[in-house]
1. Looking at the stretch 68-86, is at least one residue modelled with pLDDT of 85 or more, outside any loop (DSSP other than H, G, I, E, B), under 18 Å from the mean Cα position of the chain (by Cα) and surrounded by 14 or more Cβ atoms within 10 Å (Cβ to Cβ)?
2. Could you tell me which numbered condition M18 fails, if it satisfies all but one of (1) at pLDDT 90 or above; (2) closer than 29 Å to I89 by Cα?
3. Given the conditions (1) assigned to a helix (DSSP H, G or I); (2) hydrophobic (A, V, I, L, M, F, W, C); (3) in contact (Cβ under 8 Å) with a residue 24 or more places away in the chain, report the number of the one that A92 does not fulfil.
4. Scan the stretch 24-55 for residues that are under 12 Å from T9 (Cα atoms), among the small types (G, A, S) and part of a helix (DSSP H, G or I) and jot them down.
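The values are calculated or read from the model by the stated rules, or taken from the named source; none is laboratory data. Keep in mind that what you see is a predicted model, and the values were worked out from it rather than measured. Using ideal geometry, Cβ is built from the backbone for each residue, glycine included, and neighbour counts are taken over all protein chains shown.
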Amino acid sequence: MIEEAGIATVSITMMPDMARRAGVPRALGVDMPFGHTCGHARNSDEQTAIVAAALSLLESASGPETVVDLDKPRWEGDADWHPPEPSPIIAALKEQRRREAELRRSGSP
């Protein structure tokens, strides 16, 4: 509804594949842990770079459903911030993708 009203939007996400599936108008994928979408607390340079990249995407996107992955900055510090096992929703999405690929290989609709 916001886009339909003529207000352009951009999302910053740690899950760009989900943004693609959801068909968001514009999304910037970042390599940051949940709870730190714009980077480390009190690191205004890092946060500014991420927000600036999102605004640049808002300005330059060729059209709706544009998802861009940001290479830098990347999360520094806790090298192992990913949990050892995927969350239940991620595990379910991976299983869904596996089943879809299997169906495509078998030729089933």
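1. yes
2. For M18, the failing item is (1).
3. Exception for A92: condition (3).
4. At the first step, the residues of the stretch 24-55 found to be under 12 Å from T9 (Cα atoms) are 24-28, 54-55.
In the following step, the residues that additionally are among the small types (G, A, S) were identified as 27, 54.
If the condition is that a residue be under 12 Å from T9 (Cα atoms), among the small types (G, A, S) and part of a helix (DSSP H, G or I), then A54 is the only one that fits.
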